[in-house]
Each structure stands twice: as C-alpha cells, then as structure tokens.
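The values are calculated or read from the model by the stated rules, or taken from the named source; none is laboratory data. Since the structure is predicted, the reported quantities are computational estimates derived from the model, not experimental observations. Methodologically, a virtual Cβ is constructed for each residue, glycine included, from the backbone with ideal geometry; neighbour enumeration extends over all protein chains shown. Areas reflect the complete protein model, heavy atoms only, side chains present, ligands, DNA and RNA absent. Shrake-Rupley method; radii C 1.70, N 1.55, O 1.52, S 1.80 Å.
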Amino acid sequence: MTLATDTAPLAGTAPALRIGPIDLDVPVVLAPMAGITNTAFRRLCREYGAGLYVSEMITSRALVERNAITMRLIQHHESETLRSIQLYGVDPATIAEAVRIIVSEDRADHIDLNFGCPVPKVTRKGGGAALPWKIGLFSDIVDRAVKAAGDVPLTVKMRKGINQDHLTFLDAGRAAEDAGAAAVALHARTASEYYSGHADWSAIGELKQAVTSIPVLGNGDIWSADDAVRMMSETGADGVVVGRGCLGRPWLFGELSDALGQGVETKPKVDATLQFVTQAFRRHAELLVEFFEDEDRGCKDVRKHVSWYFKGYPVGGEVRAALTRASTLQEIDDLLGTLGDSPYPGIGAEGQRGRAGSPKRTALPEGWLDSREIGEGIGDMMRGAEVENSGG
C-alpha cells in the first residue's frame, strides 16, 4: 500500500519522507493543536502546500465511548486524501480499543500517539509529557497500539522529558522503535519549559543517533522555511513538525514545499501582501462556517486568529477589534473591504507566534518521580488524566 499527498513528485524522484507505507513528497507534518487543527484549518493548509496534516488531539476514552464532539473531530473532508488522527490516553487497553475502532471503521490512514502535552490538568494525573517517565507503561501503550493498528502506520510524538533532571526522550524513542512505531517526533523542550525559551535542537540530533531504523522528526521553533532547512541540516532529522509557526500563516506549507520538496510541483508561489493575507483570512472563516455548519459559530471561532494573521501588517486597532466581534461573513467582508494593500512587512510579521508562557514546575501525581514504574493503586488515579472531551 502506498499513499500519497495531493501534490505529486516529478517523475523519477524519490519521496522526501516515508512513514510506514506512506510516501510524503515534502517531509513536513502539521502538529495537532487544540482548537486550531480542525478540518477547516487542515484544508486551508493543504490548499497552499503538501505534507501530513494531523487532527486535533482525540481522547481515546471519548472515542471508545463515542462522545459526540469526538466523533465530529475525527471526521475528514473528502479532499483529505491522507487522513491522520492523533490519540491521547493513559490506559493501554483503552488506547488499543480506540485504535481498533479507527482502523476497523476506516477513519484514518495514519495514527499518532500524544506523549507531549504539558498541560497541568493532564500531567498532574500522569498523562501527556509525564507518562514516558513510567517507561514500562509507555512501552505497553505503544506496543498494544501498534498491534491494534495493523497495516496503518502509528507514530509517537513526545517531549524531552519532565524537566532537565528527568529526561525521557532517548529511552522513549528506543522503546517506540522496538515496539514497531513507524516514526518518532520530538518537541525539543521539556514539559516544565512549556513553550518558553528556545527549543533544544541538539536533543533532536541525539535522538536521531539513538533511533536508527525509523524516521525521527523535529519540532520546536520552526517559524519559517529557513528554520526547517536549518533544523534538518543541524540535527539530521528526517522531517519537521510545524505547530505555532503556521498560526495565521497557513501558506507556510507552500514555502516549506518549495524549500524541502524533492522535485515537487508546488502550488502558486506565496506573495504575502496584505491582500494575500486578507484572502487567506476570509477563506479560513468560510471553511470554519462550513465545518461548524453554523455561520455565527464559524465567525466566532476565526476571531482568535485575527492577531496572528495580521501580525506586522498596517491594520488599525479598530478594524482588528471589529473583526473579533464579527458574527457573519458579510460583516467580515465589509471590514476586510476597508483594507488596502501593502507589501510583506518582513521582520514585523516573522518570529514567534502564539503564547510562549514561562517555565513552571510540572504538575505531577504525588511520588511520581520516585520510580520509573507504576506503583500499586495509581492506575485508577491516572485514568482521570483522560479529559472528557477531545481537542485538549
């Protein structure tokens, strides 16, 4: 079985990245982001470039129980010819059952497991970035999930560890490789760093040296195509995972296709003038309305993207504020119609996007760091780490 993205390589060229049976013409993955990477945003990114576009995080328990919100989030548009779902959980049996549902009902061509979430409500129950510390549990989860996935490639996304004194990425990477994972991705920060400071790309290089039979992907501080090229060059990574760098910049995937594609026939070149950005914002709003099947809800959801799209552009505060109050596409059109055009502002529109936060002590279960194995009675407590609804 060979799957391909919607952008085909030129004749005679090899795929840029192979994940199990999946051939990617551009070694780029859209990172799952809660409230962001829904069907609407994934479709928008695909309109600009190629790669693998992963769903919002899906809670395994909610999927097994067929929670209505979760069942909506795992739906894909017909244009998504390569369907990817990220699962989160702490119980090996529940995660395996969720994987079986996805595979038996043909809901995805790729499954990713989340072991990188640093959110306190998850880590204080032993989930997310805290879980790989319990290496036996981690290995059991990946092993059972891989077996349940069968021919569908299953990958793992993780962080360096809980903090600098409790690093887990090398042990977890080797365990995932041994369990049959098709690739591993590393966000080169610890849970305690959250999104602050600078990603430690050297850790990606270390992981690449330790994990040799499957692709290793790097994540963290990729704000531009140049960053992606530099990361791969410095670390030896087989590909990149892009998260906050594409907030308000879905066309980043077009730039990445140009920079990293091997003979790929890319889509129209990016020329990020103000009018180009305006059209992208309007298209995003339109796709959200279609996704939610509700104009008011779709227009409200796009509000959080306003500051990201227009970062660095000469768009006045009154127009920005009005866009965050618009509840119809016509209101959005009227406001966007007041904007003229201007060239790409350069440095003003570049750099970090989204909240970085600050380093903080990771919330963990009592005694979590005392041992790398699960103690008696901790299982029931950990199941509380599976939030009721998906999407984070």
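Table for the structure above
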| item | result |
| --- | --- |
| Amide H partners (placed H, <5 Å) of residue 342, local residues excluded | 274, 275 |
| FRET E, pair residue 271, residue 347, Förster distance 30 Å, beta-carbon r, rounded to 0.05 | 0.95 |
| The chain - Debye-derived log10 I(q)/I(0), Cα point model, q = 0.12, 0.13 Å⁻¹ | -0.91, -1.08 |
| FRET efficiency estimate (nearest 0.05) - Cβ-Cβ, residue 147 to residue 303, R0 30 angstrom | 0.10 |
| Options 211, 148, 367, ranked by Cα towards positive dipole end of the chain, top entry (Cβ charges) | 367 |
| Vicinal HN-Hα couplings computed from phi for segment 16-33 (Karplus, 6.51 cos²θ - 1.76 cosθ + 1.60; Hz; Gly/Pro x) | 6, 8, 10, 10, x, x, 8, 9, 9, 6, 10, x, 9, 10, 7, 6, x, 9 |
| Rounded tilt (10° steps) of 225-235 against the dominant C-alpha axis of the chain | 20 |
| Cut-off under 5 Å, modelled amide H: who pairs with residue 55 long-range | 84, 85, 86 |
| Amide H within-cut-off set for residue 242, under 5 Å, with H built and near neighbours excluded | 29, 30, 31 |
| Size of charge dipole - the chain - debye, nearest 20, with Cβ of Lys, Arg +1 and Asp, Glu -1, no other charges | 760 |
| Share, in percent, of DSSP beta bridges within the chain that are antiparallel, nearest 5 | 15 |
| Residue-averaged 222 nm ellipticity for the chain, from DSSP H runs of 4+ at -39500 (n - 2.57), nearest 500 | -10500 deg cm²/dmol |
| Dimensions in Å of segment 111-212 - Rg and Dmax from alpha carbons | 12.8, 39 |
| Hz values of 3J(HN,Hα) by residue in segment 75-80 - Karplus curve (6.51, -1.76, 1.60), Gly and Pro given as x | 6, 10, 6, 4, 6, 7 |
| Heavy-atom accessible area per residue - segment 133-190, 1.4 Å, Å² | 30 |
| Net charge of Cβ neighbours under 14 Å - reference residue 105; Lys, Arg +1; Asp, Glu -1 | +1 |
| Efficiency of FRET between residue 374 and residue 75 - r from beta-carbon atoms, R0 30 angstrom, step 0.05 | 0.30 |
| Proximal lysines to residue 125, defined as alpha-carbon separation beneath 25 angstrom and excluding residues fewer than eight positions away on the same chain | 134, 157, 160, 360 |
| Rounded to whole Hz, the Karplus (6.51, -1.76, 1.60) HN-Hα couplings of segment 200-206, x for glycine and proline | 8, 4, 4, 5, 5, x, 4 |
| Centroid-to-centroid separation of segment 152-207 and segment 319-336 [C-alpha atoms, Å] | 41 |
| Cα-based helix-to-principal-axis angle, 274-292 vs the chain, degrees rounded to 10 | 60 |
| Accessible area of segment 203-348 divided out per residue, in Å², using a probe of 1.4 angstrom | 42 |
| C-alpha long axis of helix 135-149 to longest principal axis of the chain, angle in ° | 70 |
| Net dipole in debye of segment 139-264 [+1 Lys, Arg Cβ; -1 Asp, Glu Cβ; about Cα centre; nearest 20] | 240 |
